[in-house]
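S.K.: Mind looking over this structure? Questions follow.
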Amino acid sequence: MVLAVTLCLIWIIVNLFILLPKRLSREENLFLFLTCSITIMLSLLLPAKRMYFGDPGFNYSIEGTLAFLFNRNIIFPVLTLISINLVQDKGLWKKLITFSASFCVFILFCKLEEKHTIVSSINTVTLFIYFICFYTLMLVLLKGFQLLSQKQQSSDQ
């Protein structure tokens, strides 16, 4: 059941990403997707090590493992892409509303499906701080990528 719900969420989120207008280029979206995936993989390495290395006292079903991997590798990065594309709009209020909605969605998703998103229980304040740091890192990396792209284009001309 958990795998079916996760696959349905993937379908909804990917379709949402396809339908929403994108402010970022294809290369910027790909860069963000890959850096989000790597960052989330590294940050969830320690909480999920028992599942990764097959701890005999830790019972985790195949469906639960697949749901966790889908959440980590598809849902979280695509949700990050959606929110960062929406933040690129002009206007302070739109940015604040987008950031607030993104944080609420991520925190609620992690709290509702703790076993299949972050594996271990983490308090809400720590999760909120993690997502603030995560978004800040993604925005800084995106800005750096954009500056490098502009620098390369200006040197080519």
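The values are calculated or read from the model by the stated rules, or taken from the named source; none is laboratory data. The structure displayed is predicted, hence computed values, not measured ones. Backbone-built Cβ (ideal geometry, glycine too); neighbour counts: all protein chains shown. All accessible areas refer to the heavy atoms of the entire protein, side chains included, with ligands and DNA or RNA removed. Shrake-Rupley method; radii C 1.70, N 1.55, O 1.52, S 1.80 Å.
S.K.: Among residues belonging to region 92-127 that are open to solvent by 80 Å² or more (accessible area, probe 1.4 Å) and polar (S, T, N, Q), point out the one that is nearest to VAL2 (Cα to Cα).
M.R.: Applying the filter and picking the extreme gives SER121.
S.K.: Test of understanding: among VAL78, VAL140, which residue is of a type outside the set (Gly, Ala, Ser), in a helix (DSSP H, G or I) and farther than 26 Å from THR6 by Cβ? If you could, list the steps in order and put the result at the bottom.
M.R.: On the way: VAL78 fails: farther than 26 Å from THR6 by Cβ.
Just a single option satisfies the conditions, and that option is VAL140.
S.K.: Can you list residue pairs whose Cβ atoms sit under 9 Å apart, with the first residue in region 141-157 being under 15 Å from ASN29 (Cβ atoms) and the second being open to solvent by 100 Å² or more (accessible area, probe 1.4 Å)? Count only pairs 6 or more apart in sequence or on different chains.
M.R.: Taking only residues 6 or more apart or on different chains, the pairs are PHE145/GLU27; SER149/GLU27.
S.K.: When you scan region 85-99, how many residues do you find that are among the β-branched types (Val, Ile, Thr) and either at pLDDT below 85 or out of contact with any Phe, Trp or Tyr (no Cβ under 8 Å at 6 or more places or on another chain) (or both)?
M.R.: Step one: of region 85-99, the residues among the β-branched types (Val, Ile, Thr) are 87, 97-98.
If we keep only those that are either at pLDDT below 85 or out of contact with any Phe, Trp or Tyr (no Cβ under 8 Å at 6 or more places or on another chain) (or both) too, we end up with 97-98.
Total meeting the criteria: 2.
S.K.: So, one more: Just wondering, is there one or more residues in region 53-61 that are out of contact with any Asp or Glu (no Cβ under 8 Å at 6 or more places or on another chain), assigned to a helix (DSSP H, G or I) and either open to solvent by 60 Å² or more (accessible area, probe 1.4 Å) or farther than 19 Å from LEU127 by Cα (or both)?
M.R.: Here is the first cut: in region 53-61, the residues out of contact with any Asp or Glu (no Cβ under 8 Å at 6 or more places or on another chain) are 53-61.
Going one step further and asking which of them are assigned to a helix (DSSP H, G or I), we end up with none.
No, region 53-61 has no match at all.
S.K.: Still on this structure, please answer the following. Only one of LYS115, LYS90 is without any contact (Cβ under 8 Å) to a residue 40 or more places away in the chain and either touching a Gly at 6+ places or on another chain (Cβ under 6 Å) or of a type in the set (D, E, K, R) (or both); which? If you could, list the steps in order and put the result at the bottom.
M.R.: Values: LYS115 fails: without any contact (Cβ under 8 Å) to a residue 40 or more places away in the chain.
None of the other options fit; the residue is LYS90.
S.K.: Separate question: Only one residue in GLU63, GLU113 is acidic (Asp, Glu) and in contact with a Leu (Cβ under 9 Å, 6 or more places away or on another chain). Which one? Break it down stepwise before answering.
M.R.: Working: GLU113 fails: in contact with a Leu (Cβ under 9 Å, 6 or more places away or on another chain).
When all the criteria are applied, what remains is GLU63.
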